[in-house]
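Worksheet: one structure, shown below.
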Amino acid sequence: ALAAVDGTVVNGTTGQPQANVIVSLVQPGQGGMQTLGSAKSDAQGKFRIDKPADGPQLVQAIFDGVTYTKMVPPGSPGTGVQVDVFDSTKDPGTAKISQHIVFLQPAAGQLTVNEVYFLKNDTKKTFDNPSDGTLRFYVPGHTAQGESVRVSISGPGGMPPIQRPAGTTNSPGVYKVLYAVKPGETEFNISYTLPAGTEFASKNVEKSPETRLVVPRGVTLEGDGVSALGQDPSGKAS
């Protein structure tokens, strides 16, 4: 059985329909994303794709080098789908760090570090910098043997987190993430482990306005400029 997904591509920067955008219907599976069909938006931004009628599907539009995704839940009408796209910019002032939280978890033989950056984009453009990345961060010393730096990203729109590699830069210990920061709030979750006995000493590469350090109950932090803010409401962390 076939049905159709149709709708309009709208440029959120200009507020106008966007023509000549390649729109694809994809379906997640065990082998990755499978493309079910594609179309190009017309002068009025309209598109239509015939599709199999069952299973979860995603509408993806590529505009100005960035992919935008809209979920089509099973059983929902596939007509009148609006896909918002935005003009892209390399201006780093487009997305600003609103929160920077570092979770430190000592354990036998290693120290687990999770850094969370919240980037807020209050403009009507997407921040995208394919050469230098949209977020840079520092990893102190050497990670534990066999371990790598892992990056998970949750963008606006409620889509599941995606994984991105941590790219190296010309600065020792500094990594970059290539991910377009769309309007709204995007969360970058960076995790790695350090060998036991390592002193955690990091660098604020992005010059976050404030960095909060979180440790389990019973762990004490000492360092220049470090002051206690108290325990979280659950009482399990400081």
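The values are calculated or read from the model by the stated rules, or taken from the named source; none is laboratory data. Given the structure is predicted, the values throughout are model-derived calculations rather than measurements. Reconstructed Cβ throughout: ideal geometry from the backbone, glycine too, with neighbour counts over all protein chains shown. The area values use the complete protein model at the heavy-atom level, side chains included, leaving out ligands, DNA and RNA. Shrake-Rupley method; radii C 1.70, N 1.55, O 1.52, S 1.80 Å.
Counting only heavy atoms of the protein chains, get the accessible area per residue of segment 19-108 (1.4 Å probe) and round it to a whole Å² value.
Solvent-accessible surface per residue comes out at 55 Å².
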Farthest toward positive dipole pole in segment 34-169 [+1 Lys/Arg, -1 Asp/Glu at C-beta], among 117, 93, 75:
75
Compute and list, largest first, the equivalent-ellipsoid semi-axes of the chain from the alpha carbon gyration tensor, each √(5λ) rounded to a whole angstrom.
40, 20, 16
Here the gain from full extension of residue 202 to residue 150, 0.36 nm per residue of separation minus their alpha-carbon distance, amounts to 17.0 nm
Farthest toward the dipole's positive end in the chain, which of 235, 189, 20, given Cβ charges of +1 (Lys, Arg) and -1 (Asp, Glu) about the Cα centre?
20
Report, in debye and to the nearest 20, how large the dipole of segment 148-238 comes out about its Cα centre when Lys and Arg carry +1 and Asp and Glu carry -1 on their Cβ.
300 debye
For segment 1-104, what is the percent of antiparallel DSSP beta bridges, rounded to the nearest 5?
85 percent
How large a share of the accessible area of the chain, in percent, is made up of carbon and sulfur atoms when the probe is 1.4 Å and the other protein chains stay in place?
50 percent
For the peptides 18-25, 63-70, what is the packing order when you average, over each peptide's residues, the other Cβ atoms within 10 Å and list the highest mean first?
18-25, 63-70
Once phi is turned into ³J(HN,Hα) by the Karplus curve 6.51 cos²θ - 1.76 cosθ + 1.60 with θ = phi - 60°, what whole-Hz value does each residue of segment 208-216 show in order, with x for glycine and proline?
4, x, 7, 10, 10, 9, 10, 10, x
Scaled radius of gyration (Cα, divided by 2.2 N^0.38 Å) that segment 152-212 gives
1.32
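Just in segment 188-238: which trypsin sites (Lys or Arg not before Pro) are loop by DSSP and have at most 15 other Cβ atoms within 10 Å? Present the calculation step by step, with values, prior to reporting the outcome.
Values: sites: 203, 207, 212, 217, 236; in loops: 203, 207, 217, 236.
Answer in residue order: 203, 207, 217, 236.
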Under a 1.4 angstrom probe, counting protein chains only, how are 193, 220 ranked by accessible area, largest first?
220, 193
Pop a pseudo-label 7 angstrom from the Cα along the beta-carbon direction at both residue 220 and residue 236 and give the gap in nm to one decimal.
2.4 nm
Note down the relative contact order for the chain as a percent, whole number, built from C-alpha pairs under 8 angstrom at least six residues apart.
17 percent
Packing-based ranking, highest mean first, of 184-191, 167-174, 91-98, 32-39 given that Cβ atoms within 10 Å are counted:
184-191, 91-98, 32-39, 167-174
Roughly how big is the chain's charge dipole about its Cα centre, with Cβ charges of +1 (Lys, Arg) and -1 (Asp, Glu), in debye to the nearest 20?
200 debye
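What Kirkwood hydrodynamic radius do you get for segment 1-112 when you take the inverse of the mean 1/r over all pairs of distinct Cα atoms, in Å? Show your work: numbers first, answer last.
Working: mean 1/r = 0.0615 Å⁻¹.
The answer is 16.3 Å.
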